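Trainee: Here you go, one structure.
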């Protein structure tokens with residue numbers, strides 16, 4: 001029966017097809033590998049090494065900065081091919097899902113971008129996916145050129161897990177100098193929550209939006225700066241290490257301050273992006289906005305002059321502290337090209353690499369020895385603060401709390417912003433620290 | 001002999017899709033259920049069996065309670081709105097108006113647009129900004145002197161989610177219209193004429209003849225709109241972003257899984273969604289299959 005044979009062939013083909021389909025579901029970037037396996041047959045003399053670097057830098061100053069670093073890398077490592085595995089999406093929301101799939105499938109890129117701190121430690125270190133980099137820090141002398149208070153925030157049990165490329169500051173209060181002048185408010189006097197709230201009252205009475213606010217993550221951003229301002233650096237750090245009690249009266253005061261600030265915000269906050277909210281300040285509709293210093297890059301895009309079109313200062317009560325966040329690169333455990341990955345990380349931590357990336361991206365180098373002449377007025381002032389201030393980490397941007405903890409805080413925050421019940425919020429925060437943080 | 005071969009061949013021809021469906025639909029449903037019964041929290045898979053713990057967590061989770069409430073409100077407004085508007089449009093077009101084909105096209109057209117596009121446009125239209133920054137519908141209302149209509153749209157506390165059903169109704173009422181129109185055209189004219197001969201008013205014809213005959217169409221519309229509504233994700237994200245007062249289970253599933261690494265919890269939300277859609281759809285499929293067998 002020849003037809004039976006045909007049937008078997010069709011059946012086998014079907015099975016193969018279904019396997020191919022299965023293989024297609026993992027969104028990996030395997031295409032470049034194929035190119036290389038073919039390469040030796042054409043040019044058998046030089047076997048080119050590769051390094052695959054995963055990031056979410058696909059557009060604007062970020063992508064341009066990455067390209068600048070890649071150029072330096074290529075010049076110093078001519079025999080390593082750089083594979084740029086970038087996945088688009090703001091703050092890496094899509095990229096992280098793709099990366100998780102790759103790691104779960106045992107197919108890590110050699111090095112990937114992640115927010116320095118607990119976002120790395122709580123997720124990738126806990127899953128045993130990355131190597132400590134102390135040897136590289138010692139070899140390159142990075143411990144001497146990076147702030148002393150930074151290192152514990154990006155380490156776990158004495159192991160440093162990533163190389164920070166850039167530094168952004170979270171606790172910046174942006175203001176409209178003309179609006180403040182019109183209401184006789186001198187920004188230099190705003191050094192405490194109380195003074196700030198008094199100024200907000202004046203502005204509210206004058207009919208301007210006192211404080212511009214945006215969608216939910218910007219609310220978390222505001223909250224973390226209020227926690228820092230009310231508690232001070234040491235107790236703020238204690239929240240994340242477990243030494244400051246989330247149920248304590250100081251935290252109640254801080255949350256009360258946060259609730260108070262929410263009385264001064266624009267009513268349509270939930271529909272505004274951070275850009276929309278920041279723009280309210282330069283357009284004169286609002287007086288203040290708390291946002292990370294990427295807002296300065298946005299103001300430059302809007303062609304507003306620093307000092308006259310917008311001013312900046314630390315969030316009242318946080319003078320002398322630098323609440324940071326950082327994009328950093330890791331070394332994958334079992335990296336397919338470990339040596340090449342280390343060569344990449346060496347560029348990431350070098351003065352040359354950081355000074356190439358940061359002026360384009362609009363951030364400051366993690367090293368304190370960057371070339372100030374390359375940076376604009378705001379960034380220069382941030383570099384000064386970075387080298388002398390106490391460094392603390394940001395919650396909204398992954399430094400101080402792991403992803404699970406942050407998600408639980410985010411849920412509690414969302415409910416709080418809607419119902420304004422401080423007590424319920426604090427109870428939920430205590431529970432979140434127990435369930436995903438260090439609290440017992 | 002020939003018959004048997006045909007049977008074999010037809011089976012073979014559909015086997016690729018059977019295999020694909022078996023793997024990608026039923027295989028993954030089974031796998032999701034397994035994850036939902038596990039304590040997987042963190043990046044790496046952990047299939048430790050924890051029973052229904054994730055489901056219990058969900059039931060006590062204030063965010064999930066908001067999700068269920070929002071889904072119910074959204075579905076109710078969306079269903080009633082799309083069905084009534086679709087029916088009204090269909091009845092209007094069925095009156096033999098001039099340019100019927102033109103209007104049919106216009107009403108059906110929004111369906112061709114993706115939810116994301118609809119969402120972005122309606123995000124502008126339903127802008128809740130007040131004062132000097134008034135825009136979208138609010139600005140239109142104000143310039144027409146209809147100040148009382150100026151409102152906060154989806155930022156309205158508690159009922160905000162109902163406003164998000166407006167773009168959904170806009171998008172899908174044309175679809176229900178097409179369904180109803182087909183239903184109306186299938187009703188033989190003799191029935192209406194017989195009723196008229198018996199002295200029935202136009203309203204009585206509508207109430208006692210047309211609407212009962214449209215019941216199967218309504219059922220189909222409710223099922224199709226209802227299951228889309230339960231799964232809604234993209235429209236909400238496009239109009240309102242990921243904010244908790246307007247949260248729905250699909251958004252929570254995404255955030256729990258990929259932002260928070262709560263894979264077990266995320267899978268439980270997925271299973272919950274599957275069950276809620278199944279409750280709606282399975283009786284309908286059985287009903288359709290049975291009526292097909294009968295005819």
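Trainee: Could you say whether any residue in the stretch B:109-123 is more than 24 Å from the chain's Cα centre (by Cα), in a helix (DSSP H, G or I) and away from chain A (no Cβ under 11 Å)?
Mentor: no
Trainee: If you go through the stretch A:396-406 one residue at a time, do you hit one that is part of a helix (DSSP H, G or I) and more than 14 Å from every other protein chain (Cβ to nearest Cβ)?
Mentor: no
Trainee: Right, something else. For residues in the stretch B:242-255 being facing chain A (nearest Cβ under 9 Å) and closer than 19 Å to residue B:78 by Cα, which is surrounded by the fewest Cβ atoms within 10 Å (Cβ to Cβ)?
Mentor: The qualifying residue surrounded by the fewest Cβ atoms within 10 Å (Cβ to Cβ) is B:245.
Trainee: Turning to a different aspect of this structure: Of all the residues that make up the stretch A:408-417, how many are at the interface with another protein chain (Cβ under 9 Å from one of its Cβ atoms) and over 19 Å from residue B:240 (Cα atoms)?
Mentor: 1
Trainee: If you check residue A:400 against the conditions, is it on the phi < 0 side of the Ramachandran plot, at pLDDT 95 or above and not assigned by TED's automatic domain parsing to the domain that holds residue A:64?
Mentor: Here the answer is yes, as residue A:400 does meet what is asked.
Trainee: Right, something else. So which of A:246, A:240 is under 25 Å from the mean Cα position of the chain (by Cα), more than 14 Å from every other protein chain (Cβ to nearest Cβ), part of a loop (DSSP other than H, G, I, E, B) and more than 29 Å from residue A:59 (Cβ to Cβ)?
Mentor: Only one candidate passes the filter, namely A:246.
Trainee: Within the stretch A:380-395, track down each residue that is touching a helix residue (DSSP H, G or I) at 6+ places or on another chain (Cβ under 8 Å) and not in a helix (DSSP H, G or I).
Mentor: A:390, A:391, A:392, A:393, A:394, A:395
Trainee: Report yes if residue B:98 is more than 30 Å from residue B:251 (Cα to Cα) and at pLDDT below 90, otherwise no.
Mentor: Considered against the rule, which asks whether it is more than 30 Å from residue B:251 (Cα to Cα) and at pLDDT below 90, residue B:98 comes out as yes.
Trainee: Say we look at the stretch A:102-122 and pick out the residues that are touching a residue at least 24 places away in the same chain (Cβ under 8 Å) and in a helix (DSSP H, G or I); which of these is nearest to the other protein chains (Cβ to nearest Cβ)?
Mentor: If we take residues in the stretch A:102-122 being touching a residue at least 24 places away in the same chain (Cβ under 8 Å) and in a helix (DSSP H, G or I), then A:103 is nearest to the other protein chains (Cβ to nearest Cβ).
Trainee: Specify which of the listed residues (A:99, A:143, A:83) is in the same structural domain as residue A:365 (by TED's automatic domain parsing), in a helix (DSSP H, G or I) and surrounded by 18 or more Cβ atoms within 10 Å (Cβ to Cβ).
Mentor: Sole residue among the options that is in the same structural domain as residue A:365 (by TED's automatic domain parsing), in a helix (DSSP H, G or I) and surrounded by 18 or more Cβ atoms within 10 Å (Cβ to Cβ): A:99.
Trainee: Among the residues of the stretch A:123-146 satisfying the criterion of being within 14 Å of another protein chain (Cβ to nearest Cβ) and in contact with a strand residue (DSSP E or B) (Cβ under 7 Å, 6 or more places away or on another chain), which is nearest to residue A:332 (Cα to Cα)?
Mentor: A:130
Trainee: Sort out which residues of the stretch B:131-154 are surrounded by 14 or more Cβ atoms within 10 Å (Cβ to Cβ), facing chain A (nearest Cβ under 9 Å) and free of Cβ contacts under 8 Å to residues at least 60 places away in the same chain, and write them in order of number.
Mentor: Result: B:133, B:152, B:153.
Trainee: For residues that are at positive phi and away from every other protein chain (no Cβ under 14 Å), tally how many sit in the stretch A:195-237.
Mentor: 1
Trainee: Looking at residue B:158, is it more than 14 Å from chain A (Cβ to nearest Cβ) and either within 25 Å of the chain's Cα centre (by Cα) or surrounded by 21 or more Cβ atoms within 10 Å (Cβ to Cβ) (or both)?
Mentor: So residue B:158 does not fit the description; no.
The values are calculated or read from the model by the stated rules, or taken from the named source; none is laboratory data. What you see is a predicted model; the values in this text were computed from it and never measured. Cβ coordinates were reconstructed from backbone atoms using ideal geometry, including for glycine residues, and neighbour counts include every protein chain displayed.
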